[in-house]
Amino acid sequence: MSVFPKISLRLEVEKYLKEGFMNKEIVSAFGKQAAERKFETLLNHLSHPPSFTTVRVNTHLASVQHVKDLLFDELQKQFNGLNVPILQHPDLQDVLLIPVIGPRFVTIIFSN
């Protein structure tokens, strides 16, 4: 059971996404129920906040280390000294990852 509410999309967006998951090729290859499950899984994933913020560095304009230093300084200013790590992606050398540190605590309230 997910603690996140189902994502609410504009009708035309949901229709567009559903058409992509329910096209003839996918339905004939996997069946209608499997395609619908995949679509529902997509909606479920879209309702969850990301674990990381990603930053792609244009290495023609600045080095990865320079951008990492700039981000670190800005995060220090905005979050009053909170030590937020800025990680380099292990495979994509021009991508920086900033873990999302936010209100992730969820209280589940059960009703009778």
Collect the residues in segment 75-89 that are open to solvent by less than 60 Å² (accessible area, probe 1.4 Å) and at positive phi, keeping them in residue-number order.
G81
Of the criteria (1) open to solvent by 100 Å² or more (accessible area, probe 1.4 Å); (2) not in a helix (DSSP H, G or I), which one L96 fails:
(1)
Out of segment 24-65, which residues are assigned to a loop (DSSP other than H, G, I, E, B), surrounded by 12 or more Cβ atoms within 10 Å (Cβ to Cβ) and either at pLDDT below 90 or basic (K, R) (or both)?
S47
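The values are calculated or read from the model by the stated rules, or taken from the named source; none is laboratory data. Remember, it's a predicted structure, so these values are computed and weren't measured experimentally. FYI the Cβ positions are ideal-geometry reconstructions off the backbone, even for glycines, and counts take in every protein chain you see. Only protein heavy atoms, including side chains, enter the accessible area calculation; ligands, DNA and RNA are left aside. Shrake-Rupley method; radii C 1.70, N 1.55, O 1.52, S 1.80 Å.
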